[in-house]
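Data first, discussion second: the structure below is written as structure tokens.
The values are calculated or read from the model by the stated rules, or taken from the named source; none is laboratory data. Given the structure is predicted, the values throughout are model-derived calculations rather than measurements. Every residue, glycine among them, receives a Cβ derived from its backbone with ideal geometry; neighbour counts consider all protein chains shown. What goes into the accessible areas is simple: the full protein's heavy atoms, side chains included, and nothing from ligands, DNA or RNA. Shrake-Rupley method; radii C 1.70, N 1.55, O 1.52, S 1.80 Å.
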Amino acid sequence: MFSDLKIVTGSSNPELAKAICDHLGCQLTPTLATTFSDGELRIEIGDNVRGDDVFVVQPTCPPLVNRNLMQLCLMLDALKRASAGRITAVIPYYGYARQDRKTKPRDPISAKLVANLITTAGADRVLTMDLHANQIQGFFDIPVDNLLGSPIFVDHFTKKYADCHDDTMVVSPDVGSVSRARAFAQKLNMPLAIVDKRRQKANSSEVMNIIGDVRGKHVILLDDMVDTGGSLCHAAQALMEIGGAQDVTACASHGVLSGPAIDRINSSVLDEVIFLDTIPAKPGVKCEKIKYISVAHMFAEAISHIYMETSVSPLFL
């Protein structure tokens, strides 16, 4: 069925790529990624890909964002020069997405630059998940499919709160995430509340008020990513101390978890934090509050639709 389909992966999340292959019933194409003594990267594709439909699974994620991005570009270039029929960059986590506009004079628009790099390197289309800003799809001059992680969370929380559905609420951690949280709450058929905060400087925030009544409720905090964890943990604390919530569980598609994030989550009032495995868990770092749900089945289904030239839109329902 997938005779001319090839899955290639770099070093940023090979476990996800293998899981995608398991769902598709195919094997990973051998790829050698090494580093020269001067720090330059070297890529070697192990199989013939001439005329094949090739999918490169490589999130540009921490802790080595720039290396992972460069590795992706080198793989795309190698496949293009090897005469692959079509090349799809599968980027579960799109790095630099938060730099999507100029906020002050002489700022770069890094998300646009990265889009240009990926296109120039040889990608014919992009498959990603939960872009931080939807307009990034327009930064590309090639087709972009931006999958949504919310259906996976909807399935999870529908089962988890089946016995106390009427006492559960969805909360947006800030005003900017309201549209995402509202759509999520509608799918769960739950009410919505909002944490109103004022950001003082980068990677820090001050919670000001809670819009909505969360007293005595089980709360689901929804965000697209968790970086240093400050906003999420402050929001959870406000929901408990100011709002009087019964308990708080958080979920986000991308667990960036930089700096003090793990320590903050460990010491927070959060019962549980659930991520999708778009970014692999940090090796050797344990936090019993953090759980991961695989997105391999969703990416495998999307890849199957793209390969078969059928609509990907059912995945957005």
* Evaluate the following for residue 128: is it within 25 Å of residue 311 (Cα to Cα), open to solvent by 10 Å² or more (accessible area, probe 1.4 Å), of a type in the set (S, T, N, Q) and at pLDDT 95 or above? => no
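Could you tell me which residue of region 119-164 is farthest from residue 186 (Cα to Cα), considering only residues that are of a type in the set (A, V, I, L, M) and in a loop (DSSP other than H, G, I, E, B)?
123
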* Kindly indicate whether residue 89 is outside any strand (DSSP E or B) and either β-branched (Val, Ile, Thr) or touching an Asp or Glu at 6+ places or on another chain (Cβ under 9 Å) (or both). => no
* All strands (runs of 3 or more DSSP E) inside region 213-306 with 3 or more residues being among the β-branched types (Val, Ile, Thr) -> 218-226
* Just one of (1) in contact with a strand residue (DSSP E or B) (Cβ under 7 Å, 6 or more places away or on another chain); (2) closer than 29 Å to residue 212 by Cα; (3) at pLDDT below 95; (4) surrounded by fewer than 24 Cβ atoms within 10 Å (Cβ to Cβ) trips up residue 235, so point out which. => (4)
* Structure fact -> When every residue in region 238-260 that is touching a helix residue (DSSP H, G or I) at 6+ places or on another chain (Cβ under 9 Å) and hydroxyl-bearing (Ser, Thr, Tyr) is compared, the one surrounded by the most Cβ atoms within 10 Å (Cβ to Cβ) is 253
* Structure fact -> Reported set for region 99-125 where residues are of a type outside the set (A, V, I, L, M, F, W, C) and surrounded by fewer than 16 Cβ atoms within 10 Å (Cβ to Cβ) is 101, 102, 103, 104, 105, 106, 107, 108, 110, 116, 120
* **Condition check for residue 196: assigned to a strand (DSSP E or B), open to solvent by 40 Å² or more (accessible area, probe 1.4 Å) and without any contact (Cβ under 8 Å) to a residue 40 or more places away in the chain** => yes
* To do: Determine if region 26-39 includes at least one residue that is open to solvent by less than 40 Å² (accessible area, probe 1.4 Å) and assigned to a loop (DSSP other than H, G, I, E, B).
  => yes
* Structure fact -> The lone condition residue 268 fails out of (1) open to solvent by 40 Å² or more (accessible area, probe 1.4 Å); (2) over 26 Å from residue 53 (Cβ atoms) is (1)
* Out of all the residues in region 163-175, is one or more in contact with a His (Cβ under 9 Å, 6 or more places away or on another chain) and open to solvent by 20 Å² or more (accessible area, probe 1.4 Å)? -> yes
* Asked: Within region 48-68, is even one residue farther than 17 Å from residue 8 by Cα, in a loop (DSSP other than H, G, I, E, B) and in contact with a His (Cβ under 6 Å, 6 or more places away or on another chain)?
  -> no
